[in-house]
Amino acid sequence: MEKLISILIGKNNLDEAVKLQNKIFPRENGLTNFLESIEQIDKCKNNQELLRLASKYYLVNNGLENIGIWGIYTVNNNPLEAWLGWFGVLPEYRKNGYGGKIFDIFENYAKENGFETIRLYTDEVDNNKACRLYESKGMIKEKYQNPDDVSHEVGDILIFSKSLTDKKVSKWNNKNINLKEQEAKQSKNN
């Protein structure tokens with residue numbers, strides 16, 4: 001398999017990123033997340049610690065074309081936990097090992113940048129195969145049942161977590177992950 005290249009989403013490739021994201025997640029819209037990321041990166045360019053914590057999203061290129069997307073962000077400004085966001089592979093490239101390779105890129109990026117834990121949220125209904133991938137990568141899962149945050153019923157929302165150190169990973173324990181806020185951002189762009 002060819003080497004995959006992560007290309008930071010910026011103003012120059014924003015339209016392409018949104019099109020790719022919409023092909024992978026047709027019922028969702030990441031435009032606001034991408035725009036916020038670009039703004040954060042611009043503000044942090046002279047401060048390495050803030051830049052490390054800024055949300056970043058990447059197109060994934062296989063040497064010929066963009067085939068996927070992934071992102072890294074923090075929740076509640078926790079500097080030790082990296083969250084995987086907008087992670088996916090175009091349908092025509094699935095079942096070729098790209099998902100695992102992209103996940104490894106995310107995990108390695110988090111390690112190299114001093115994060116101690118990686119996490120993500122998803123739902124079992126739409127992402128059953130992805131859930132198996134996360135478990136194969138050593139992540140533990142728990143149901144997310146925060147009544148103050150879940151704003152619509154999509155099935156069980158799951159949080160997957162993994163320690164990047166020799167410490168045991170701590171569970172998320174239903175702390176708010178801002179799903180209502182994320183849903184509001186997406187609806188702004190529809």
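Tally the residues that are free of Cβ contacts under 8 Å to residues at least 40 places away in the same chain, part of a helix (DSSP H, G or I) and open to solvent by 70 Å² or more (accessible area, probe 1.4 Å), restricting the search to the range 77-109.
Of the residues in that region, 2 qualify.
What tally of residues in the range 58-76 results from selecting those that are assigned to a strand (DSSP E or B) and surrounded by fewer than 18 Cβ atoms within 10 Å (Cβ to Cβ)?
1
Go through (1) among the aliphatic types (A, V, I, L, M); (2) buried (at least 16 other Cβ atoms within 10 Å of the Cβ); (3) touching a helix residue (DSSP H, G or I) at 6+ places or on another chain (Cβ under 7 Å) one by one and return the number of the condition residue 53 breaks.
(3)
For residue 51, which of the numbered conditions (1) in a helix (DSSP H, G or I); (2) touching a strand residue (DSSP E or B) at 6+ places or on another chain (Cβ under 7 Å); (3) of a type in the set (A, V, I, L, M) fails to hold?
(2) is the only condition that residue 51 fails.
So residue 160 clears everything in (1) assigned to a loop (DSSP other than H, G, I, E, B); (2) open to solvent by less than 90 Å² (accessible area, probe 1.4 Å); (3) over 20 Å from residue 77 (Cβ atoms); (4) at pLDDT 90 or above except one condition, right? Which one?
For residue 160, the exception is condition (1).
Quick one: what pairs do we get from the range 161-181, first residue farther than 11 Å from residue 117 by Cβ, second open to solvent by 60 Å² or more (accessible area, probe 1.4 Å) and in a loop (DSSP other than H, G, I, E, B), C-beta under 7 Å, 6+ apart or different chains?
Short answer, once both residue conditions are applied: 174/145; 176/148.
Would you point out the residue of the range 110-133, among those that are part of a helix (DSSP H, G or I) and not basic (Lys, Arg), that is farthest from residue 171 (Cα to Cα)?
Checking each candidate, the answer is 112.
Return the total of residues in the range 10-48 being assigned to a loop (DSSP other than H, G, I, E, B), within 24 Å of residue 100 (Cα to Cα) and without any contact (Cβ under 8 Å) to a residue 60 or more places away in the chain.
Number of matching residues: 2.
Under the condition of being surrounded by 17 or more Cβ atoms within 10 Å (Cβ to Cβ) and among the hydrophobic types (A, V, I, L, M, F, W, C), which residue from the range 19-44 is nearest to residue 90 (Cα to Cα)?
Checked the range 19-44; the qualifying residue nearest to residue 90 (Cα to Cα) is 24.
The values are calculated or read from the model by the stated rules, or taken from the named source; none is laboratory data. This one's a predicted model, so the numbers in the text were calculated from it and none came from an experiment. With ideal geometry, Cβ positions are generated from the backbone for all residues, glycine too; neighbour counts draw on all protein chains shown. Surface areas here come from the heavy atoms of the whole protein model, side chains and all, with no ligands, DNA or RNA. Shrake-Rupley method; radii C 1.70, N 1.55, O 1.52, S 1.80 Å.
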